[in-house]
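The values are calculated or read from the model by the stated rules, or taken from the named source; none is laboratory data. The shown structure was predicted, so the numbers you read here are calculated from the model rather than taken from an experiment. Positions of Cβ are backbone-derived with ideal geometry, glycine not excepted, and every protein chain shown enters the neighbour counts.
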Amino acid sequence: MKHTDQVIALLRTQIQNDQEVEDIRKTASDVASRWVDPLSGRKEQTNGLVYGLVQSGKTGVLTVTGAMGADQGYRTIIILTSDNDALYDQTLGRVQEAFPGMDILGKSDCRDQQGFLQRIKSGTCAIVATKNASVLGTLLENLKKGNVKGLSCLIIDDEADQASLNTQASRATGLVSGINALITEIRSFFDRNTYLQVTATPQALFLQTPDHPFRPKFTLLSHPGREYVGGDDFFGDNSTLVREFPMSDIVALAPGPQPNPALHLPGSLCRALDTFMIAATYKRTREPDQNCAFLCHVSTRKDDHTHIVQLLRRYKTDLSRKLGCNDDATRKRIKAAYDDLTVTHSGIRSAPFDELLDYIRFFSPGITVKLVNGETDEDVAVRSPYNLFVGGNKLGRGVTIKNLLVSYYGRNPRTPQSDTVLQHARMYGYRRKDIGLLRLFLPPELHSVFRAINRMQQALRELIAKNPNEEFRGLFLEGSLKATRRNVLAPGAVGIYTGGSNYNPAQMLRDASTREATATIDGLLAGIGNKSYAEVPLERLGKLVALTIPDPSRAEHVWSTEAIVGSIEKYQTLMENKTAYVYVDRDRGLDADRRETQGILEGREVRNVPADKIALFMLRTKAGPGKESVWWPQLRFPSGRYAFAFAV
């Protein structure tokens, strides 16, 4: 029997969709085609990434990959998870369920050194450990004590961008954070190992320097099943699921340290709650065993959380009381929510409003209001018909809120980080059958942030799909959006191309090796006269840039041919722009090195080319003693609040 067969059979019963299970198996097989051969006998290691989507079920890929590793000869499977006891218990339970034919060791088993070593030496085992210095230190000590370097090891790091990276990197002191150092040492301990990172937010991983041991050497996309509702559904151009409200309503919900804040519900929160009551009631009348959830996630302050819980309890009390006495204003208010839902859900159009109102009148006394930090699925279990959750400080990664129909979101950092904000997207998940009942309420400022993050994610996944090599992994950023936290990025390790800026190589190679490329460019630009420009298909720019040959010994690591070409491709896709400008001048006396943001043209020449499209300025230098005539490029991005970030 095979471990893979066991976990596949389990997934079939859980997912009940053979095609989705087959997609998971294929992703795991793709990983297996790239990992270190556990039976090779050589000293070898590699690392890779499985890049999924938030709430898309990456656990299935994780378990099938682990089972496949055991079948192919990996004797030790180490699964690293969040340093939270409840989440650890959840992960341990899932691993025990998925791997019935393996010996499963948990944190407590590591404390018994003799028993631990006896078990890992006797057969294939899976070790589930939290990313905690004490736990990882004990694990490493046991491995060294047992001298088991010869065992092959598959290390699966769940949410690998969290805690695993060096949080001291930005200080440039050479110090390494404790968790990062321990994971590095565990990886290097085994002669043959594969380190597999799993996350839906890999921004920090891709912005590590190209030779960094935690930057993926291969990346595979994990795709969600057809019932998945994600970024495109909420933030695509044709979305009908988002309702905006003024940011001032968030201020009203966050009174801070006021001793007795008024229990006044902002109108937008009341509309969101009314919408949830109609949506949840409709779903329950069709599926009597289905309880539903509402999430209010607007603050990091404990005082605010307590206040919001009180507000939701006031809503519950008032709703039950006013419906009991047939209050006309309450009826009209809820009818407005009903009318809004009929726009997106045909079933509600045929459900009599008065019938739904009667159900709400009956069930509203049983509304549950709960403050959650949501570290595990159990923390957000839906046990009553209506569950109103207030998101605390640690609404954790990987937490799935069942039947979450309406979300009210207002977490508004000054400089939003795409990976952090994206992990707040608890509204994503397998909800396709209820899509017309879903709503997200948020201020327009945050709506713009989520749209920008969705565009960044689309661009990154498309780039990975088209370019399987790891040379360029550019992140498209808009507005004030940041890719990730600064503390895990080394100073000078990230390059940025911003709208309205010019970039050029510091110097070009000018030896005989450039002749063929120069002749090819000559032919491509033959139709454009000196000191003039032409509008050309945008894809031609990448071909021209790729033919130029900068001098690597003079590089300042701002201009990168791969990054420039990749950024042009992303600009074309995201901005739906099909053409660009190419300016040509020949026989220029360019000789001295330039800063890579300085430009190689006079300002007047740059201004002669319209600024509404990407412009590539191509200057052919004069030949000289021992120097060939070559093409020197300068690229200008159109103005705008966007940027392309990449590792250098």
Residue hits (segment 125-147; more than 16 Å from ASP157 (Cα to Cα) and among the β-branched types (Val, Ile, Thr)) are THR138
Here's a check for you: in segment 25-60, which residue that is free of Cβ contacts under 8 Å to residues at least 60 places away in the same chain and within 19 Å of ILE464 (Cβ to Cβ) is surrounded by the fewest Cβ atoms within 10 Å (Cβ to Cβ)? SER33
Matching helices (runs of 4 or more DSSP H) fully within segment 502-585 where at least 1 residues are over 35 Å from the mean Cα position of the chain (by Cα): 515-524
Yes or no: segment 479-487 includes at least one residue that is touching a Pro at 6+ places or on another chain (Cβ under 6 Å) and not acidic (Asp, Glu). yes
Can you tell me how many residues in segment 122-136 are modelled with pLDDT of 95 or more and surrounded by fewer than 16 Cβ atoms within 10 Å (Cβ to Cβ)? 2
Scan segment 588-599 and report the pairs whose first residue is modelled with pLDDT of 90 or more and whose second residue is part of a loop (DSSP other than H, G, I, E, B) and β-branched (Val, Ile, Thr), with Cβ atoms within less than 7 Å and a gap of 6+ or a chain change. LEU590/ILE600; ARG594/ILE600; GLU596/VAL558; THR597/VAL558
Considering only segment 610-636, state which residues are within 28 Å of GLN572 (Cβ to Cβ), assigned to a loop (DSSP other than H, G, I, E, B) and in contact with a Lys or Arg (Cβ under 8 Å, 6 or more places away or on another chain). ALA611, ILE614, VAL630
Segment 75-97, subset within 13 Å of LEU196 (Cα to Cα) and modelled with pLDDT of 95 or more, residue farthest from the chain's Cα centre (by Cα): ILE77
Would you point out which residue out of GLY542, GLY495 is at negative phi, surrounded by 14 or more Cβ atoms within 10 Å (Cβ to Cβ), in contact with an Asp or Glu (Cβ under 9 Å, 6 or more places away or on another chain) and of a type in the set (Gly, Ala, Ser)? GLY542
With respect to SER177, determine if the residue is modelled with pLDDT of 95 or more, more than 22 Å from the chain's Cα centre (by Cα) and not assigned by TED's automatic domain parsing to the domain that holds VAL399. yes
By residue number, the members of segment 72-90 that are of a type outside the set (A, V, I, L, M, F, W, C) and either within 15 Å of ILE155 (Cα to Cα) or part of a strand (DSSP E or B) (or both) are GLN72, GLY73, TYR74, ARG75, THR76, THR81, SER82
